[in-house]
Amino acid sequence: MSTLRLACVVGARPNFMKMAPILRALEALEQFECVLIHTGQHYDRDLSDVFFEDLQMRRPDVHLEVGSGTHAQQTARVMERLEEVFLRLPEQGQPFDRVIVVGDVNSTMAAAITAAKLHIPVAHVEAGLRSFDRTMPEEINRIVTDAIADMLFVSEPAGVDNLLREGKPRDQIHLVGNVMIDTLFQLLPLAYDRDILPRLGLEAGQYGVVTIHRPSNVDHPEILGTLLEVLDDAARNMPFVFPIHPRTQKRIERFGLTDRLRPSNGRLSGIWSLPPLGYLDFLALTSQSRVIVTDSGGLQEEATALGIPCLTLRNTTERPITVDEGTSTLIGDDPGRLRVELDKVCSGTYKRGRCPELWDGHAAERIAQILMTS
Ligand code: UD1
């Protein structure tokens, strides 16, 4: 049986936990030779290196070091540098048989376009998700990537429906489950061993976790200011820990909102600001929290798998199963709704939710099997 040469491309924080189990499943099979390429979209240690360590993922074979920029700059830089790699590396061996991309960040779309133009087939993991809100940069990335990918690995049934509606052939679509949840179940025991709760003076079930980083929530002073105000009010009765994404930190400083946050100091209320956390420390915090308040896509899924209430600061979600079956509720930007749902959490009347089918820790193995027989 001949070896298949795969280029596995990652770029930003949420890509790493999705690619880690795929790489492991592929490399367990002799049929694949994988080249791991990091675009460098995320480059801070806190957003990149620490994840490779926590996820026990090998270092990238190639690093493109594209860094930050506008959407066009970042996308163009990935395309230019990746094209060179796709053209150069085959000289040292056989050409790439396929490129694997995950998620919906700029690096995902840029890598898919670059590969498709060189006639290298593209597999997209986490395909088919749609928020139907084209003001989200990720929605554009998802639509473009799926349009040019020929293998579509989907995490929830709505994704299959979306792809069929967009005219993708049935035989290109594979409902395999959720690779990010593979990582979560694999590393949960290690997360429970972390000492971050005692270090912060927190007790399991007695605090909330907040994350906010979407441009729609953090790029406008009034919106971000109101959000922090409402969260501060919600944090009267229990502390909320807030690991802050660099993008959000910069906006908080620029808008003069730093006085809304305080470092953790053992108080039993308020928003406690923290630097961005690695995978294990963050999972230790979320898995033992009472409630999660977030605008992240992935965290809605992780909260659902963990059975933790998740109040989602968005009007739409591309992951409807987290609302229909899981623990997430869309709060939009309505402070009143946030208060009502938080009260339900505190009084024990918040909905329960269940872990969706195929979110069982084996999605990456299913992907590897399908790639092997395709
Ligand atoms: C990106 C993804 C988003 C994902 C998020 C997870 C896109 C369009 N967005 O958003 O889908 O949910 O990652 O974190 O791909 N910065 C640093 N250090 C870094 C990287 C970024 O300080 O290592 C700062 C820079 O000021 C940069 C800003 O964060 O301009 C935004 O980074 P970028 O990668 O463009 O988007 P994210 O907001 O991180």
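The values are calculated or read from the model by the stated rules, or taken from the named source; none is laboratory data. Here the structure is a predicted model, which means the values were calculated and not measured. Positions of Cβ are backbone-derived with ideal geometry, glycine not excepted, and every protein chain shown enters the neighbour counts.
Of (1) over 23 Å from the mean Cα position of the chain (by Cα); (2) loosely packed, with under 15 Cβ neighbours inside 10 Å, G332 satisfies all except one. Which?
Unmet condition: (1).
Scan region 158-173 residue by residue and report those that are buried (at least 20 other Cβ atoms within 10 Å of the Cβ), in contact with a helix residue (DSSP H, G or I) (Cβ under 8 Å, 6 or more places away or on another chain) and under 23 Å from E302 (Cβ atoms).
Hits for region 158-173: nothing passes.
How many of the residues making up region 18-46 are more than 13 Å from H63 (Cα to Cα) and more than 11 Å from the ligand (Cβ to nearest atom)? Show your work before the answer.
Restricting attention to region 18-46, the residues satisfying the condition of being more than 13 Å from H63 (Cα to Cα) are 18-34, 44-46.
Within this subset, residues satisfying the condition of being more than 11 Å from the ligand (Cβ to nearest atom) are 18-34.
Of the residues in region 18-46, 17 are more than 13 Å from H63 (Cα to Cα) and more than 11 Å from the ligand (Cβ to nearest atom).
Going by what's in this entry, would T312 be described as within 9 Å of V209 (Cβ to Cβ), within 16 Å of the ligand (Cβ to nearest atom) and not acidic (D, E)? Lay out the reasoning, then the answer.
Details: within 9 Å of V209 (Cβ to Cβ): no; within 16 Å of the ligand (Cβ to nearest atom): yes; not acidic (D, E): yes.
So T312 fails the test.
Since Q74 meets every condition but one in (1) in contact (Cβ under 8 Å) with a residue 40 or more places away in the chain; (2) near the ligand (Cβ under 9 Å from one of its atoms); (3) in contact with a helix residue (DSSP H, G or I) (Cβ under 6 Å, 6 or more places away or on another chain), which condition does it not meet?
If we test Q74 against (1) in contact (Cβ under 8 Å) with a residue 40 or more places away in the chain; (2) near the ligand (Cβ under 9 Å from one of its atoms); (3) in contact with a helix residue (DSSP H, G or I) (Cβ under 6 Å, 6 or more places away or on another chain), just (1) comes out false.
Would you call D49 without any contact (Cβ under 8 Å) to a residue 12 or more places away in the chain and either within 13 Å of the ligand (Cβ to nearest atom) or buried (at least 23 other Cβ atoms within 10 Å of the Cβ) (or both)? Steps first, answer last, please.
Numbers: without any contact (Cβ under 8 Å) to a residue 12 or more places away in the chain: yes; either within 13 Å of the ligand (Cβ to nearest atom) or buried (at least 23 other Cβ atoms within 10 Å of the Cβ) (or both): yes.
When the stated conditions are applied, D49 passes them.
From G205, G177, which residue is modelled with pLDDT of 95 or more, more than 16 Å from the ligand (Cβ to nearest atom), in a loop (DSSP other than H, G, I, E, B) and farther than 25 Å from D146 by Cα?
Only one candidate passes the filter, namely G205.
Which residues, taken from region 216-259, are part of a helix (DSSP H, G or I), of a type outside the set (A, V, I, L, M), under 17 Å from L274 (Cβ atoms) and under 20 Å from the mean Cα position of the chain (by Cα)?
Within region 216-259, P246, R247, T248, Q249 qualify.
Could you identify the single residue in T183, T145 that is among the hydroxyl-bearing types (S, T, Y) and farther than 26 Å from S287 by Cβ?
On the way: T183 fails: farther than 26 Å from S287 by Cβ.
That would be T145, the only listed residue that is among the hydroxyl-bearing types (S, T, Y) and farther than 26 Å from S287 by Cβ.
Among the residues in region 277-299, are any aromatic (F, W, Y) and crowded, with 19+ Cβ neighbours inside 10 Å?
For region 277-299, residues aromatic (F, W, Y) and crowded, with 19+ Cβ neighbours inside 10 Å: present.
Could you list, in sequence order, all residues of region 103-133 that are touching a residue at least 24 places away in the same chain (Cβ under 8 Å), assigned to a loop (DSSP other than H, G, I, E, B) and more than 25 Å from S68 (Cβ to Cβ)?
Selection gives L118, I120, P121, A127, G128, R130, F132.
Could you check region 311-346 and list, in sequence order, the residues that are in a helix (DSSP H, G or I) and among the charged types (D, E, K, R)?
Within region 311-346, D324, R337, R339, E341, D343, K344 qualify.
Residues to consider are D44, D61, D54; find the one that is in contact with a Leu (Cβ under 6 Å, 6 or more places away or on another chain) and surrounded by fewer than 16 Cβ atoms within 10 Å (Cβ to Cβ).
D61
Just wondering, is there one or more residues in region 271-287 that are at pLDDT below 95, outside any helix (DSSP H, G or I), over 26 Å from D49 (Cβ atoms) and over 20 Å from the mean Cα position of the chain (by Cα)?
Looking for residues that are at pLDDT below 95, outside any helix (DSSP H, G or I), over 26 Å from D49 (Cβ atoms) and over 20 Å from the mean Cα position of the chain (by Cα), one finds at least one in region 271-287, hence yes.
Would it be correct to say that I22 is within 23 Å of A110 (Cα to Cα), among the hydrophobic types (A, V, I, L, M, F, W, C) and not in a helix (DSSP H, G or I)?
Against the criterion (within 23 Å of A110 (Cα to Cα), among the hydrophobic types (A, V, I, L, M, F, W, C) and not in a helix (DSSP H, G or I)), I22 does not qualify.
When only residues in region 99-133 that are within 16 Å of the ligand (Cβ to nearest atom) and among the charged types (D, E, K, R) count, which is surrounded by the fewest Cβ atoms within 10 Å (Cβ to Cβ)?
Going through the qualifying residues, I end up with D133.
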